[in-house]
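The values are calculated or read from the model by the stated rules, or taken from the named source; none is laboratory data. Only a predicted model underlies this, so the values are computations on that prediction, with no experimental measurement involved. Using ideal geometry, Cβ is built from the backbone for each residue, glycine included, and neighbour counts are taken over all protein chains shown.
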Amino acid sequence: MFLPLSFCIGLRYTCSKRRNRFISFISFASILGIALGVTVLITVLSVMNGFDHEIHNRIFTMVEQVKVSGIYGTLTNWSDLGKQVARVPQVVAASPFISGQGMINNAGAVSGVMISGILPQIEQKVSAIDAAMKQGAMTDLKAGEFGVIIGQELATRLGIGIGDKVVLITPQATVGPVGVVPRFKRFNVVGIFSIGGGFAYDAGVVFIHLQDAQKLFQLDSSTVTGLHLRVKSLYDAPIVTSKLEKILPHDCLVSDWTQDYGAYFKAIRMEKTAMFVMLMFIIAVATFNLVSSLVMTVNDKRSDIAILRTIGASPRMVMSIFIVQGSVIGCVGTVFGIIGGVLLALNAPALVAAVEHYLQTSFISSSIYFINYLPSKLIWLDVFQVGIVTLMMSLLATIYPAWRAARTQPAEALRYE
């Protein structure tokens with residue numbers, strides 16, 4: 001197989017044992033710096049991808065991805081609207097709901113909650129509440145039995161367990177013998193769910209059957225607050241919202257999760273971008289070492305360069321020799337960095353867990369980060385992008401030393417040899 005002479009000489013310079021051990025050390029430091037930077041960058045991006053993935057699974061499977069509600073707060077034709085929204089290709093399922101603010105009371109202990117009336121069989125297709133159940137099941141909510149499902153944090157705060165009786169109080173007023181009083185109804189706790197810390201779901205939301213909610217809020221049997229929609233991809237929600245606004249009646253309001261929770265995803269994306277840029281400076285420092293290594297190599301090989309020039313080597317060929325040498329160093333560092341980064345990203349959760357067990361401490365609190373372990377999700381596109389950017393920086397770092405080598409004058413270089 002034919003290889004260019006400049007490529008062969010560049011490889012020989014890279015692999016040969018240098019007379020100047022300091023130059024060899026600088027070259028090794030360049031490889032190590034590039035490998036370390038790539039490893040750290042891939043690992044950090046994977047951890048941030050892991051947090052992003054956990055928020056997807058734990059939080060945004062519970063919240064309203066797309067919501068259709070009435071301009072006056074209620075919908076009376078939700079069944080027909082459900083058929084209309086089902087025609088949008090990205091829509092997977094639609095479920096009616098009744099939502100209103102209220103309070104829950106247990107033996108004098110009171111807490112404000114958001115009361116959500118649902119149809120359990122349909123709601124299972126829209127949200128992941130059933131998968132988050134710690135005790136009981138969504139199907140335990142039956143019309144007319146006035147059952148309620150509450151969050152784990154709320155149950156702990158109020159001292160509530162399965163089978164206990166609680167009172168739900170709504171702002172709707174009822175005129176009685178003692179005057180105007182809020183409406184209230186006794187419910188039986190049939191289930192407890194938990195999705196982890198954050199977003200006040202475990203502490204601020206309770207679920208009851210849709211028909212029970214209609215009675216509690218004094219609504220007709222055909223009236224609901226709106227429809228919850230589940231879409232194929234979370235990021236399809238704005239597209240679905242735009243389509244529904246065009247086909248639904250003007251008395252319908254359409255909103256999606258980006259209006260309420262989009263700031264969380266924007267923050268994660270911004271942090272990921274900022275972290276990528278910041279950690280690239282580690283690789284940039286390593287490429288500066290590469291520049292230093294090549295400059296000293298050029299000075300060390302001045303006589304060799306002069307001999308090559310005298311036997312007919314062109315400045316372009318000399319320049320190619322040192323570009324090859326620097327590129328090989330960059331490639332070796334990048335490959336080792338990718339291998340180290342992939343291995344560390346895949347094993348980061350187990351390594352952190354082992355360190356926590358050894359130190360008898362916890363680095364991640366579920367009350368702050370929604371989870372109590374370090375998540376990591378390796379995305380090969382990130383690995384590819386890191387590798388390409390590192391190789392480009394390494395290649396750019398070789399241009400100046402190679403250009404200096406090409407400008408070497410044979411007579412001047414051999415004067416004192």
- Item | Number of the condition not met by residue 76 [criteria: (1) surrounded by fewer than 17 Cβ atoms within 10 Å (Cβ to Cβ); (2) in contact (Cβ under 8 Å) with a residue 40 or more places away in the chain; (3) in contact with a helix residue (DSSP H, G or I) (Cβ under 8 Å, 6 or more places away or on another chain); (4) of a type in the set (Ser, Thr, Tyr)] | (3)
- Query: Is it the case that residue 304 is out of contact with any Gly (no Cβ under 6 Å at 6 or more places or on another chain), free of Cβ contacts under 8 Å to residues at least 60 places away in the same chain and of a type in the set (D, E, K, R)?
  - Reply: yes
- Note on the structure: Going through (1) modelled with pLDDT of 75 or more; (2) of a type outside the set (Phe, Trp, Tyr); (3) farther than 28 Å from residue 388 by Cβ one by one, residue 59 fails only at (1)
- For segment 310-334, how many residues meet the condition of being in contact with a helix residue (DSSP H, G or I) (Cβ under 8 Å, 6 or more places away or on another chain) and more than 14 Å from residue 402 (Cβ to Cβ)? 5
- Query: Scanning segment 168-190 for residues that are surrounded by 13 or more Cβ atoms within 10 Å (Cβ to Cβ) and modelled with pLDDT of 90 or more, which turns out nearest to residue 122 (Cα to Cα)?
  - Reply: 190
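If a residue counts only when it is free of Cβ contacts under 8 Å to residues at least 24 places away in the same chain, which strands (runs of 3 or more DSSP E) contained entirely in segment 82-179 have at least 3 such residues?
Per the criteria, 165-176.
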- Item | Where a residue in segment 337-363 is more than 15 Å from residue 378 (Cβ to Cβ) and in contact (Cβ under 8 Å) with a residue 60 or more places away in the chain and its partner, wherever it lies, is in a loop (DSSP other than H, G, I, E, B) and β-branched (Val, Ile, Thr), with Cβ under 8 Å and at least six apart | none
- Task: Scan segment 83-96 for residues that are surrounded by 15 or more Cβ atoms within 10 Å (Cβ to Cβ), within 21 Å of residue 211 (Cα to Cα) and more than 29 Å from the chain's Cα centre (by Cα) and jot them down.
- Result: 96
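Give the residue, chosen from 86, 137, 107, 94, that is closer than 14 Å to residue 191 by Cβ and either aliphatic (A, V, I, L, M) or modelled with pLDDT of 90 or more (or both).
Answer to the selection: 137.
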- Filtering segment 239-285 down to residues that are buried (at least 16 other Cβ atoms within 10 Å of the Cβ) and of a type in the set (Asp, Glu) yields 256
